[in-house]
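**Student:** Below: one structure in structure tokens.
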Amino acid sequence: MRLLHLADLHLDSPFLGMDKQSADLKQALVQAPFTALKKAVQYAIRETIDLVVLAGDLYDTNQQSIYAQHFLMQELKRLADAEIPVVLCHGNHDYLKSNQALINYPNNVYVFTEEAVDYVDIELKNGQSVRIYGFSYCNRWIDREMIADFPKNPHQTDFVIGLYHGAQKTQQGKLDHYAPFTRQTMIDKGYDYWALGHIHQEACLNQTPMICYAGTLQGRNRLEVGPKGGYLVSLFKDRPNQLDFVEFAPIEWQIEEIEVQRHWQLQDVVERLQQTLTVYQMRQEETGRSQLLSIILTQAQRLDLALQEQIESGELESVIQGEGSVTDQAFTQLVAVRLERSMVFKAFEYDSTLKESFQSACHQLESGEMYDRLMADFFKHPIVKERLAELELEESLRAENVAAAKELMIQAIGFDSEEVKRDEN
């Protein structure tokens, strides 16, 4: 049998942090997850897939727009017309509230509606049978290890699949809010395939049996780089199973690092940016997928301090952005230029106390508890709780804030660009 494993569609994603971009670009981003889903459905129909599974977070929030609900329903109807069954669950973003009316999906769709493990048996058109076990989120967090409730393979159907929206168990139990599991526990269940959701980067945690994250259908920010799509999974009774990644996202986020050379001036930086953009324009033409490029200028302390300040204010990206445009067709656009100053200073070598203090502060930020404590008042603000409740769950926001905090600590030490240059020589 062949199944298409999709996850983390995040329809209705607001694409936070893009306020400085053009209205055309923001509109293209908002529409991109819908376009990706349409392409995935077209692929399933064209390739006569036996089964489609959606591993949670179909929507970006548990209060969906009419447009998003209607769009998803239309795509599911297209699969119904092609006689392709669909099994889906809800994740931590689109969790089912207790007072929420259930949607009447087409007859080809089975939805796990409870925060308890259940299963559905499906007879495929090719005569084979498959059992899918799964559950849905009915709260934003599930601290319990739902994997414990999944039974071992009863061998009552040709294939058994686990549908699971969650994250691997960590050493810090306080942070395990997403149905934590271990890889070995899944292996021990004896299933043929585990279709995972929640992590936005496609990854295969195990080969036999295959335990896989399909990743998000469309990258939502500059940290979710590269091609996005889903997995075509071919399961066999008499030979090894096969896994193929299929790209569906119409827009790819990319990050490119450029090392600043000594004595670079503004024109040197502009020329390198334009050269890099040309490379991604060629990729856009080859693939037909739009490219959104973030550039990190490493060793940025080598630049004149005034130029650093101008770049950080956004002046440079506004100039380069003005040379490109967003169209209905594929496009290439520069969305951010970041500075990354060297964190390796001579002072650390001579002052072990300073070095230990810096490393300790970084560790506390990365461990999670310090970050949660520092951000608590912000996330408790009434406006944030009402309009941006899901922001607290954004791992990309956490990563960017931690990186910015490290940069501020470096700056607080008191080195300016001239002192750093003297250290380098």
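The values are calculated or read from the model by the stated rules, or taken from the named source; none is laboratory data. Bear in mind the structure is a predicted one, so any value in this text is a computation, not a measurement. Note that each Cβ is placed from the backbone with ideal geometry, even for glycine, and that neighbours are counted across all protein chains shown.
**Student:** Going by what's in this entry, would Leu29 be described as crowded, with 16+ Cβ neighbours inside 10 Å and at pLDDT 95 or above? Can you show your working first?
**Tutor:** Values: crowded, with 16+ Cβ neighbours inside 10 Å: yes; at pLDDT 95 or above: no.
Against the criterion (crowded, with 16+ Cβ neighbours inside 10 Å and at pLDDT 95 or above), Leu29 does not qualify.
**Student:** State whether one or more residues within region 265-278 are surrounded by 22 or more Cβ atoms within 10 Å (Cβ to Cβ), acidic (Asp, Glu) and modelled with pLDDT of 95 or more.
**Tutor:** There is no residue in region 265-278 that is surrounded by 22 or more Cβ atoms within 10 Å (Cβ to Cβ), acidic (Asp, Glu) and modelled with pLDDT of 95 or more.
**Student:** Please pick out the residue among Leu79, Leu88 that is more than 21 Å from Ala167 (Cα to Cα) and either of a type in the set (A, V, I, L, M, F, W, C) or not assigned by TED's automatic domain parsing to the domain that holds Val41 (or both).
**Tutor:** Of the residues listed, the single one that is more than 21 Å from Ala167 (Cα to Cα) and either of a type in the set (A, V, I, L, M, F, W, C) or not assigned by TED's automatic domain parsing to the domain that holds Val41 (or both) is Leu79.
**Student:** I've got another one for you. Kindly indicate whether Phe378 is more than 30 Å from Gly166 (Cβ to Cβ), among the aromatic types (Phe, Trp, Tyr) and modelled with pLDDT of 60 or more.
**Tutor:** Judged against the criteria, Phe378 is not a match.
**Student:** In addition: Looking at region 1-26, which of its residues are part of a helix (DSSP H, G or I) and without any contact (Cβ under 8 Å) to a residue 24 or more places away in the chain?
**Tutor:** Of everything in region 1-26, those that are part of a helix (DSSP H, G or I) and without any contact (Cβ under 8 Å) to a residue 24 or more places away in the chain turn out to be Ala23, Lys26.
**Student:** Every residue in region 337-348 that is modelled with pLDDT under 90, hydrophobic (A, V, I, L, M, F, W, C) and surrounded by fewer than 21 Cβ atoms within 10 Å (Cβ to Cβ), please. Even if it seems obvious, please write down each step before you answer.
**Tutor:** Of region 337-348, the ones modelled with pLDDT under 90 are 340-348.
Adding the requirement that they be hydrophobic (A, V, I, L, M, F, W, C) leaves 343-345, 347-348.
Once the filter is applied, which keeps residues that are modelled with pLDDT under 90, hydrophobic (A, V, I, L, M, F, W, C) and surrounded by fewer than 21 Cβ atoms within 10 Å (Cβ to Cβ), region 337-348 yields Met343, Val344, Ala347, Phe348.
**Student:** A follow-up question, please. Answer with yes or no whether Asp121 is at pLDDT below 95 and in contact with a strand residue (DSSP E or B) (Cβ under 6 Å, 6 or more places away or on another chain).
**Tutor:** No.
**Student:** Within region 134-162, which residues are outside any loop (DSSP other than H, G, I, E, B) and either touching a Ser or Thr at 6+ places or on another chain (Cβ under 9 Å) or surrounded by 22 or more Cβ atoms within 10 Å (Cβ to Cβ) (or both)? Please lay out each step first, then the result.
**Tutor:** The first filter runs over region 134-162 and keeps only residues outside any loop (DSSP other than H, G, I, E, B), leaving 134, 142, 146-149, 159-162.
Residues satisfying the conditions are Gly134, Ile142, Ile147, Ala148, Phe159, Val160, Ile161, Gly162.
**Student:** Looking only at region 302-329, which residues are in contact with an Asp or Glu (Cβ under 9 Å, 6 or more places away or on another chain), surrounded by 18 or more Cβ atoms within 10 Å (Cβ to Cβ) and at pLDDT below 90?
**Tutor:** Val326
To keep it simple, each residue is scored yes or no on (1) at pLDDT 95 or above; (2) out of contact with any Lys or Arg (no Cβ under 9 Å at 6 or more places or on another chain); (3) farther than 29 Å from Arg140 by Cβ; (4) aliphatic (A, V, I, L, M).
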site	(1), (2), (3), (4)
Gln42	yes, no, yes, no
Ser65	no, yes, no, no
Val87	yes, yes, no, yes
His90	yes, yes, no, no
Tyr95	no, no, no, no
Ser98	no, yes, no, no
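Per-residue answers, yes or no, for (1) without any contact (Cβ under 8 Å) to a residue 60 or more places away in the chain; (2) of a type in the set (Asp, Glu):
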| position | (1), (2) |
| --- | --- |
| Gly215 | no, no |
| Pro227 | no, no |
| Lys237 | no, no |
| Ile251 | no, no |
| Glu259 | yes, yes |
| Leu266 | yes, no |
| Thr278 | yes, no |
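**Student:** Related question: Return the residue satisfying two criteria in turn: it lies in region 299-316 and is assigned to a helix (DSSP H, G or I) and among the polar types (S, T, N, Q), and of such residues it is farthest from Pro250 (Cα to Cα). Lay out the reasoning, then the answer.
**Tutor:** Taking region 299-316 and keeping what is assigned to a helix (DSSP H, G or I), we get 300-302, 305-312, 315-316.
From what is left, the residues that are among the polar types (S, T, N, Q) are 301, 308, 310.
Numbers: Gln301: 36, Gln308: 33, Gln310: 32 Å.
So, considering only residues that are assigned to a helix (DSSP H, G or I) and among the polar types (S, T, N, Q), the one farthest from Pro250 (Cα to Cα) is Gln301.
**Student:** When you scan region 102-115, how many residues do you find that are of a type outside the set (Val, Ile, Thr) and in contact with a Ser or Thr (Cβ under 9 Å, 6 or more places away or on another chain)?
**Tutor:** Going through region 102-115, the residues of a type outside the set (Val, Ile, Thr) turn out to be 102, 104-108, 110, 112, 114-115.
Now restrict to residues that are in contact with a Ser or Thr (Cβ under 9 Å, 6 or more places away or on another chain): 102, 112, 114-115.
Of the residues in region 102-115, 4 are of a type outside the set (Val, Ile, Thr) and in contact with a Ser or Thr (Cβ under 9 Å, 6 or more places away or on another chain).
**Student:** With Phe245, Phe181 as the choices, which residue is touching a residue at least 40 places away in the same chain (Cβ under 8 Å) and either assigned by TED's automatic domain parsing to the domain that holds Phe159 or within 25 Å of Gln128 (Cβ to Cβ) (or both)?
**Tutor:** Only one candidate passes the filter, namely Phe245.
**Student:** Would region 102-109 turn up any residue that is assigned to a helix (DSSP H, G or I), of a type in the set (A, V, I, L, M) and either free of Cβ contacts under 8 Å to residues at least 12 places away in the same chain or within 30 Å of Glu317 (Cα to Cα) (or both)?
**Tutor:** Scanning region 102-109 turns up no residue that is assigned to a helix (DSSP H, G or I), of a type in the set (A, V, I, L, M) and either free of Cβ contacts under 8 Å to residues at least 12 places away in the same chain or within 30 Å of Glu317 (Cα to Cα) (or both).
Quick grid of which residues meet (1) surrounded by 15 or more Cβ atoms within 10 Å (Cβ to Cβ); (2) in contact with a strand residue (DSSP E or B) (Cβ under 8 Å, 6 or more places away or on another chain); (3) among the aliphatic types (A, V, I, L, M):
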| site | (1), (2), (3) |
| --- | --- |
| Val130 | yes, yes, yes |
| Tyr164 | yes, yes, no |
| Gln184 | no, no, no |
| Gly190 | no, yes, no |
| Trp194 | yes, yes, no |
| Gly197 | yes, yes, no |
| Met210 | yes, yes, yes |
| Arg220 | yes, no, no |
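**Student:** Against the condition surrounded by 19 or more Cβ atoms within 10 Å (Cβ to Cβ), among the aliphatic types (A, V, I, L, M) and either over 30 Å from Thr208 (Cα atoms) or touching a residue at least 40 places away in the same chain (Cβ under 8 Å) (or both), how does Ile255 come out, does it pass?
**Tutor:** No, not satisfied.
**Student:** Being assigned to a helix (DSSP H, G or I) and not polar (S, T, N, Q) is the filter; apply it to region 275-298 and report the residue that is nearest to Glu317 (Cα to Cα).
**Tutor:** Ranking the candidates gives Leu277 first.
**Student:** Any residue that is among the β-branched types (Val, Ile, Thr), out of contact with any Leu (no Cβ under 9 Å at 6 or more places or on another chain) and within 20 Å of Asp176 (Cα to Cα) - is there at least one of those in region 140-157?
**Tutor:** yes
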